[in-house]
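Just below is one structure, and these are the notes that go with it.
Quick note: the coordinates plus some simple rules give every number you see, no bench work behind them. Remember, predicted model here, so these are calculated numbers, not experimental data. All Cβ positions, even for glycine, are placed from backbone atoms using ideal geometry, and neighbour counts span all protein chains on display.
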Amino acid sequence: MATNPADTPNPASTPSTPLYRRLARRLQERIDAGAYPAGARLPSEPELSAEFGVNRLTVRQAVAELERAAVVEIRRGVGTFVRPPAVRVSIAVDPRSQRFDLGSVHAALPEAGREDSAADGEFVVAAPPVTGTAEDAEAARQLGRTPQELSRVDSVIRLGGRARAASSYWVPFGPLPAELVRPGRPGNLVLDLARTAGVELEYDWRAFGAVGADLADAELLDVPPGTALLVREGVSCTPDGTPALYVRRRIDGSSARFVLHFRER
């Protein structure tokens with residue numbers, strides 16, 4: 001017997017909730033309960049339409065809603081399949097003892113329990129000129145310099161065989177050595193930039209936020225434009241407090257998390 005998705009009470013639904021969204025929530029509940037496990041193919045549009053007593057457009061809108069939420073994957077001409085749960089790497093941060101800026105690669109996978117991969121690490125993408133974009137202007141403001149005094153290098157961090165983060169670094173010196181900014185060069189750019197400047201870097205501040213992936217980051221991280229990215233930005237300074245590096249790191253929010261440890265480990 002056909003059932004309307006509005007017939008079953010849902011605490012997240014209200015009378016004004018669109019029918020397709022109520023149906024999407026019913027399907028989400030089935031997925032969460034294991035009725036449609038990871039990798040399973042959802043019933044077809046006609047089957048769902050008949051079961052829930054709604055038209056096919058409503059079903060199509062509901063499935064599109066689940067796709068936007070990264071719950072299902074639509075394979076054109078094949079069907080709609082439940083995505084496996086996101087696997088997240090853990091980036092450990094000890095707020096009591098982390099003083100020296102060692103970069104984020106060295107401790108990026110403390111809990112992953114996997115063998116190291118030669119394809120993992122941080123890799124230079126480009127060294128774009130500092131031209132006065134909004135990001136360049138913010139870096140100049142944070143470092144107390146003019147954009148013309150700064151050098152920039154961009155990188156991607158690969159962990160577990162895939163791109164996890166895109167980073168941009170600005171430093172108040174240059175030009176940077178050609179080998180340091182060679183595209184594809186592996187390394188730890190925080191330490192490499194500190195060595196180039198002949199300084200030791202300490203954390204000044206770090207902040208966390210979120211943005212939607214723009215076209216450039218979407219391409220680097222192989223995610224759809226608009227995907228939620230965690231943003232970790234901040235300034236590192238020399239021991240006397242002089243700002244010496246501004247970093248803006250964008251991390252695929254579906255595959256990473258930050259873990260703060262407040263007790264000795």
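Counted residue by residue at 0.36 nm each, then reduced by the alpha carbon distance between them, the extension gain from Phe81 to Asn55 reaches 7.3 nm. Ala218 sits among other residues whose Cβ lies under 13 Å from its own Cβ, and their net charge, with Lys and Arg +1 and Asp and Glu -1, is -4. If you plug the beta carbon distance of Glu149 and Asp214 into 1/(1 + (r/R0)^6) with R0 = 30 Å, you get a FRET efficiency near 0.70. The order of the peptides 72-79, 249-256 by mean Cβ neighbours within 10 Å, most packed first, is 249-256, 72-79. Distance between the 7 Å Cα→Cβ label points at Trp205 and Glu47: 5.5 nm.
A simple spin-label model places the labels of Ala70 and Ala228 0.8 nm from each other, with each point 7 Å out along Cα-to-Cβ. Annotation: extensible slack from Arg185 through Asp240 equals 16.7 nm (criterion: 0.36 nm per residue apart, minus Cα-Cα distance). Relative to its residue count, region 196-241 spans a Cα convex hull of 91 Å³ per residue. Extending 7 Å from Cα along the Cβ direction at Val259 and again at Glu29 yields two label points whose distance is 3.4 nm. Amide H contacts for Ala256 (H built 1.01 Å from N in the peptide plane; partners 5 or more residues away or on another chain; cut-off under 5 Å): Val89.
Each 10 Å bin from zero holds the following percent of Cα-Cα pairs in region 19-82: 24, 62, 14.
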